[in-house]
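> Sending over a structure as structure tokens; questions will come in a sec.
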Amino acid sequence: MSYALIPDGYSLKKVTKAQKQAVIDKRRHDDVVALLNNPNTPIVVGGAVATIFAVRLANSIIAKIEETAGELADDTKQAIREATRITISAPIITGPSGLPFGPPDVDVADIFKAGLERFGL
């Protein structure tokens with residue numbers, strides 16, 4: 001039988017499966033609440049939604065132009081896609097040591113493109 005070091009003030013208690021599941025559900029709920037209370041969540045979700053719409057807008061513009069004017073050159077298609085590209089610039093936060101940490105500039109279109117390629121879509 002293995003032993004664990006337990007700090008003073010804590011005790012081990014046998015719990016039922018239902019009690020264990022209740023604790024897991026409570027922690028999951030707390031994680032969701034923490035995510036929703038995070039001030040960066042709307043920025044990330046908004047950037048993702050805007051990127052999806054921008055990509056669809058670029059593809060619909062290309063399709064409409066090709067429908068009315070004929071085939072477009074690849075560089076023209078790329079220029080239209082670049083015009084609808086969205087870049088999210090995340091703030092750099094400094095930690096207690098004064099060193100910066102946090103995400104650099106993130107190009108959301110590249111993230112979604114990589115995801116689509118990974119899942120073969």
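The values are calculated or read from the model by the stated rules, or taken from the named source; none is laboratory data. All values derive from a computational prediction rather than experimental measurement. So basically every Cβ, Gly included, is an ideal-geometry build from the backbone, and we count neighbours across all protein chains shown.
> Just checking, does the range 64-81 include any residue being of a type in the set (Val, Ile, Thr), modelled with pLDDT under 80, touching a Phe, Trp or Tyr at 6+ places or on another chain (Cβ under 8 Å) and surrounded by 11 or more Cβ atoms within 10 Å (Cβ to Cβ)?
There is no residue in the range 64-81 that is of a type in the set (Val, Ile, Thr), modelled with pLDDT under 80, touching a Phe, Trp or Tyr at 6+ places or on another chain (Cβ under 8 Å) and surrounded by 11 or more Cβ atoms within 10 Å (Cβ to Cβ).
> Output yes when any residue across the range 16-29 is over 14 Å from the mean Cα position of the chain (by Cα) and at pLDDT below 80, and no when none is. Working first, answer last.
Looking only at the range 16-29, we keep the residues that are over 14 Å from the mean Cα position of the chain (by Cα), and these are 16-29.
Of the ones still in play, those that are also at pLDDT below 80 are none.
Scanning the range 16-29, I find no residue that is over 14 Å from the mean Cα position of the chain (by Cα) and at pLDDT below 80, so the answer is no.
> Sticking with this structure for a sec: I'm trying to understand the selection: among the residues of the range 41-73, which are of a type outside the set (A, V, I, L, M, F, W, C), under 21 Å from PHE112 (Cα atoms) and without any contact (Cβ under 8 Å) to a residue 24 or more places away in the chain?
The answer is THR41, PRO42, GLY46, ARG56, ASN59, SER60.
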